[in-house]
Amino acid sequence: MALSAILAFASPVWAQSPRIPTSLQPQQLAVIVNDDDPDSVAIAALYREKRLIPVGNVVHVRIPGQPRKLDAAQFAQIKQQIDSKLPPRIQAVLMAWTAPYAVECQGITAAYTLGFDPALCSKPCGPGKPSPYFNAPSRQPYTDHGLRIAMLLPASPQELARAVIERGVSAKPAPHAGAYYVITPDKARNSRAPFFPRPGVLKGRDVEMHVASSTALENVSNILVYQIGAAKVDKLDSVRFLPGALADHLTSLGGDLLGSTQMSSLRWLEAGATASYGAVSEPCNYWQKFPHPAVLLSHYVRGESAIEAYWKSVAWPAQGVFIGEPLAAPYR
């Protein structure tokens, strides 16, 4: 799989079309607002302004109480309300709130994109269903696959949301950017290690790939990608991310954003990353349930947006939640 992802750089299916942009455009993104959440209302308005999202792309819903999880019936009603207001041009949706982030055992972004799967919750530690968008050449997921990919922009606290938006908007190629892959002593959480790209420099992108054996990175700057297997990632206060950086950790409950069992994926955004991913229920350590390192990097550096690169990197995404600023695309 790692080899096929690298070879994809030379594949003719990736030839650029003069009519289709290399990444998702603002007019193709819908912003979903929870009118019962003041932070959601404020951050959605700011995001629409910063990204020039058309007014007609904004959909209002009401989710009282900001629950961490929805049940299947509640979610079905909200999804139907959203879908009924979306024109065909919409390829992706951004949910502008911190909670809810799960639908029973599934991440809310996956439940929206792929549909809620009740069978999964009876055996969450088993294999997942394949995503047709995994490592796909498509640049229009709804047009090509009937899927509107989704991401969550945590709106609380507003200061963090504003910072994440600014990072996405200001993302651009940086000299000597680094993609870092860390193999920790935690063997169970290193199931992605065989797919870490080999150390070296990506020609034409000035991105150097590093693979280290350690418990965490320390005193490293210019980070474009940081991936590791750990329940908690230490020393995040000593590293510096580039605007548009992607970072995630393979563990059971990183997507439990407001939980305290393991490190929340929100910690990546607080540390300076622009987008992340985590599981909301026990997935076991199938690599297919987490972002594939080579696939994520290859799609991102060829110009795709954060939401596209992250969605294309997870083969079985049902239990995960994608968070951050979706249109960040430093190599657009």
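The values are calculated or read from the model by the stated rules, or taken from the named source; none is laboratory data. If you're wondering where the values come from, they're calculated on a predicted model, not measured in any experiment. Neighbour counts are summed over all protein chains in view; Cβ atoms, including those assigned to glycine, are modelled from backbone coordinates with ideal geometry.
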Filter result (small (Gly, Ala, Ser), touching a residue at least 40 places away in the same chain (Cβ under 8 Å) and surrounded by fewer than 18 Cβ atoms within 10 Å (Cβ to Cβ)) within the range 32-67: Ala42
Selection within the range 26-45 - among the acidic types (Asp, Glu) and over 12 Å from Pro154 (Cα atoms): Asp35, Asp36
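Out of the residues in the range 97-113 that are part of a loop (DSSP other than H, G, I, E, B) and in contact with a strand residue (DSSP E or B) (Cβ under 6 Å, 6 or more places away or on another chain), state the one that is farthest from Ala76 (Cα to Cα). Even if it seems obvious, please write down each step before you answer.
As a first pass, look at the range 97-113 and keep what is part of a loop (DSSP other than H, G, I, E, B): 97-101, 104-105.
Next, from what is left, pick out any that are in contact with a strand residue (DSSP E or B) (Cβ under 6 Å, 6 or more places away or on another chain): 97, 100-101.
Working: Trp97: 18, Pro100: 14, Tyr101: 14 Å.
Residue satisfying both the conditions and the ranking: Trp97.
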Sole residue being under 25 Å from Ser84 (Cβ atoms), modelled with pLDDT of 95 or more, in a loop (DSSP other than H, G, I, E, B) and not hydroxyl-bearing (Ser, Thr, Tyr), chosen from Gln27, Gln66: Gln66
The one condition in (1) touching a residue at least 40 places away in the same chain (Cβ under 8 Å); (2) farther than 29 Å from Arg68 by Cβ; (3) among the aliphatic types (A, V, I, L, M); (4) out of contact with any Pro (no Cβ under 9 Å at 6 or more places or on another chain) that Leu217 fails to fulfil: (1)
Matching residues, the range 290-327, being in a loop (DSSP other than H, G, I, E, B) and of a type in the set (Ser, Thr, Tyr): Ser305
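Take Val13 and decide whether it is part of a strand (DSSP E or B) and either at pLDDT below 95 or surrounded by 15 or more Cβ atoms within 10 Å (Cβ to Cβ) (or both). It would help to see each step written out before you state the result.
Details: part of a strand (DSSP E or B): no; either at pLDDT below 95 or surrounded by 15 or more Cβ atoms within 10 Å (Cβ to Cβ) (or both): yes.
No, not satisfied.
Conditions (1) surrounded by fewer than 22 Cβ atoms within 10 Å (Cβ to Cβ); (2) of a type in the set (Phe, Trp, Tyr), marked per residue:
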{"position": "Gly229", "(1), (2)": "no, no"}
{"position": "Val233", "(1), (2)": "no, no"}
{"position": "Ser238", "(1), (2)": "yes, no"}
{"position": "Met263", "(1), (2)": "yes, no"}
{"position": "Leu296", "(1), (2)": "no, no"}
{"position": "Tyr300", "(1), (2)": "no, yes"}
Pairs where the first residue, in the range 75-98, is more than 20 Å from Ala155 (Cα to Cα) and the second is in a loop (DSSP other than H, G, I, E, B), C-beta under 6 Å, 6+ apart: Gln91/Gln140
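Yes or no, residue by residue, for (1) closer than 17 Å to Ala99 by Cβ; (2) of a type in the set (S, T, N, Q); (3) modelled with pLDDT of 95 or more; (4) not in a strand (DSSP E or B):
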{"residue": "Asp248", "(1), (2), (3), (4)": "no, no, yes, no"}
{"residue": "Gly254", "(1), (2), (3), (4)": "yes, no, yes, yes"}
{"residue": "Leu257", "(1), (2), (3), (4)": "yes, no, yes, yes"}
{"residue": "Met263", "(1), (2), (3), (4)": "no, no, yes, yes"}
{"residue": "Ala273", "(1), (2), (3), (4)": "no, no, yes, yes"}
{"residue": "Gly278", "(1), (2), (3), (4)": "yes, no, yes, no"}
{"residue": "Gln288", "(1), (2), (3), (4)": "no, yes, yes, yes"}
Test: Leu202 is surrounded by fewer than 20 Cβ atoms within 10 Å (Cβ to Cβ) and in contact (Cβ under 8 Å) with a residue 60 or more places away in the chain: yes
Complete set of residues in the range 198-216 that are touching an Asp or Glu at 6+ places or on another chain (Cβ under 6 Å) and closer than 12 Å to Tyr226 by Cβ: Ala216
